[in-house]
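The values are calculated or read from the model by the stated rules, or taken from the named source; none is laboratory data. Predicted, not measured: the structure shown is a model, and the values here were computed from it. Cβ placement follows ideal geometry from the backbone for every residue including glycine, while neighbour counts extend to all protein chains displayed. Keep in mind that these areas ignore ligands, DNA and RNA; they rest on the heavy atoms of the full protein, side chains included. Shrake-Rupley method; radii C 1.70, N 1.55, O 1.52, S 1.80 Å.
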Amino acid sequence: KPCPLCDEAKEVLEPHKRRFILQEVDITLPENSAWYDKYKYDIPVFHLNGKFLMKHQVDIEKFEDELTKVELQND
């Protein structure tokens, strides 16, 4: 905290927020030490349905493609 990169990523994702649930994880908390060890130099990091999707910044085209695939699978 603060995390300007995270804030920027959330702004990019804002138009799509009704299509997914954003779960933020504070990797500096002791209970999230495994995430910290893995991603401390790579925030923000995004997973979709438990699968790594992207890091550092939002690749909106990739995000939209993967989100659409998940939505089609759930129909």
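What FRET efficiency comes out for the pair residue 62/residue 28, r = Cβ-Cβ distance, R0 = 25 Å, nearest 0.05?
The pair residue 62/residue 28 has a calculated efficiency of 0.40.
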Under the 7 Å Cα-to-Cβ spin-label approximation, residue 21 and residue 47 lie apart by a distance in nanometres of 1.5
Which is farthest toward the positive dipole end of segment 4-74 among 60, 15, 74, measuring Cα position about the Cα centre, with Cβ charges +1 (Lys, Arg) and -1 (Asp, Glu)?
74
Taking a 1.4 Å probe, which of 68, 28 shows the most accessible area, and what order do the others take after it?
28, 68
Could you give the dipole magnitude of the chain about its Cα centre, charging the beta-carbon of Lys and Arg +1 and that of Asp and Glu -1, in debye to the nearest 20?
160
Treating the angle as unsigned and between 0 and 90°, give the value, to the nearest 10°, between the Cα long axis of helix 4-13 and the longest Cα principal axis of the chain.
10
How many Lys pairs in segment 4-74 lie less than 25 angstrom apart by Cα atoms, where the lysines are 8 or more positions apart or on different chains?
19
Taking the dipole of segment 4-74 about the Cα centre (Lys, Arg +1; Asp, Glu -1; charges at Cβ), the one of 28, 48, 5 that reaches farthest to the positive side is 48
